[in-house]
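The structure under discussion appears below in the form of structure tokens.
The values are calculated or read from the model by the stated rules, or taken from the named source; none is laboratory data. Here the structure is a predicted model, which means the values were calculated and not measured. Note that each Cβ is placed from the backbone with ideal geometry, even for glycine, and that neighbours are counted across all protein chains shown. Please note that ligands, DNA and RNA were not included when accessible areas were found on the heavy atoms of the full protein model with its side chains. Shrake-Rupley method; radii C 1.70, N 1.55, O 1.52, S 1.80 Å.
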Amino acid sequence: MEKKNIDWSNLGFGYIKTDKRYVSNFKDGKWDDGVMTDDANVVISECAGVLQYSQSCFEGLKAYTTEKGEIVCFRPDLNAARMHDSALRLEMPAFPEDRFVDAVVQVVKENAAYVPPYGSGATLYIRPYMFASSPVIGVKPAEEYQFRIFATPVGPYFKGGAKPITIKVSDFDRAAPNGTGHIKAGLNYAMSLHAIVTAHEEGYAENMYLDAATRTKVEETGGANFIFITKDGKLVTPKSDSILPSITRRSIEYVAKEYLGMEVEEREVYFDEVKDFAECGLCGTAAVISPVGKIVDHGKEIAFPSGMEEMGPNTKKIYDTLTGIQMGRIEAPEGWVKVIK
């Protein structure tokens with residue numbers, strides 16, 4: 001199969017239309033069989049529930065070309081399960097998890113020419129999403145929904161790649177206790193847009209959000225979970241009911257413990273103790289791990305010993321091991337890698 005004529009090594013993290021996408025509709029209490037289509041346009045009522053009351057959720061995962069030349073996806077079953085949870089919280093009909101994985105496979109196969117070659121640093125980003133499509137004027141769940149998946153080739157999420165970034169402590173709250181911070185709802189990201197634009201205008205790459213109730217504990221950024229490394233080499237990740245259960249974070253915890261023999265602790269992390277960590281990073285599907293070199297709290301700087309030039313040593317070991325598993329250089333735990341045949 002011949003690849004598309006794309007400058008893979010210079011791709012940004014943006015949308016490029018590919019050939020095919022998957023569409024399934026929920027009507028009269030059931031999902032239809034779903035189809036692959038070359039039509040990238042969505043046509044819905046002006047009164048659709050997604051437009052009036054933001055009833056929508058989404059996922060993000062990637063397809064890679066491995067060292068052996070195989071095209072694979074990383075743990076799509078966990079994306080399916082998380083989208084199931086998101087849908088139920090938003091009073092939407094959950095798309096069957098086995099059909100979710102099958103639809104991902106179909107989309108990747110149909111767009112195989114857009115999967116970047118091994119070693120290019122680029123990947124095929126896959127975006128499953130669901131929204132209320134039928135008219136709703138009263139505040140209530142819609143009756144009809146559409147589930148779609150498109151794919152687009154992307155480069156690194158942060159322009160500097162693995163270069164450490166500087167972030168700020170945000171004055172805004174990302175999610176409320178007992179709210180929707182633990183699901184991948186579109187509305188969570190809409191709420192973070194003003195905060196991220198403000199951070200960028202001030203010269204920062206991202207925000208650190210603290211818990212809304214006490215503003216004493218670390219939660220996450222607008223699109224990634226935090227990881228910290230202590231001075232004695234322990235991996236610490238924040239625990240909270242209002243942060244998204246990152247698939248990448250859960251994978252990192254397993255890799256650190258089972259592959260690298262590190263002690264791993266998932267617990268509440270108080271902002272006061274952040275200054276005592278040796279390394280810090282942001283983790284998620286888009287960036288995998290982006291190292292944090294500095295956090296600025298209203299003019300007061302917290303500079304990590306790992307510095308602003310490169311990833312800290314423990315973070316790099318985790319990053320190299322996880323990406324090695326994704327790219328086929330290191331044997332994966334059973335069920336982690338889905339080969340697209």
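Tabulated data
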| quantity | calculated |
| --- | --- |
| Fraction of beta bridges assigned by DSSP in the chain that are antiparallel (%, nearest 5) | 85 |
| Two-site label geometry, Glu143 and Asn41: point separation in nm, points 7 Å out along Cα→Cβ | 2.7 |
| Charge sum, other residues only, whose C-beta stays under 10 Å from Gly34's C-beta, Lys/Arg counted +1 and Asp/Glu -1 | -1 |
| The chain - mean residue ellipticity at 222 nm from DSSP helices (-39,500 (n - 2.57) per run, n ≥ 4, rounded to 500) | -6500 deg cm²/dmol |
| Arg250/Asp28 FRET efficiency (R0 35 Å; Cβ-Cβ; nearest 0.05) | 0.45 |
| Whole-percent carbon and sulfur share, accessible surface of the stretch 5-135, 1.4 Å | 46 |
| Cα centroid of the stretch 234-278 to Cα centroid of the stretch 284-341, whole Å | 12 |
| Solvent exposure, largest accessible area first (probe 1.4 Å, DNA, RNA and ligands not counted), of His200, His84, His298 | His298, His200, His84 |
| Built amide H within the under 5 Å cut-off of Lys217, gap 5+ | Asp211, Phe271 |
| Gyration tensor (alpha-carbon) shape descriptor, the stretch 1-70, a/c threshold 1.5 | prolate |
| Prolate/oblate/rounded call for the stretch 274-341, Cα gyration tensor, a/c under 1.5 rounded | prolate |
| Gyration tensor verdict on the stretch 162-222 (Cα atoms; rounded if a/c is under 1.5, prolate if a/b is larger than b/c, oblate otherwise) | prolate |
| Size descriptor, Kirkwood hydrodynamic radius, that averages inverse alpha-carbon separations across the chain, Å | 20.9 |
| Coil-residue GluC sites (Glu not before Pro) of the stretch 165-244, DSSP, other Cβ within 10 Å capped at 15 | Glu202 |
| 3J(HN,Hα) from dihedral phi, the stretch 314-324, Karplus parametrisation 6.51/-1.76/1.60, rounded to Hz, x for glycine, proline | 6, 4, 5, 4, 5, 4, 5, 6, 5, 5, x |
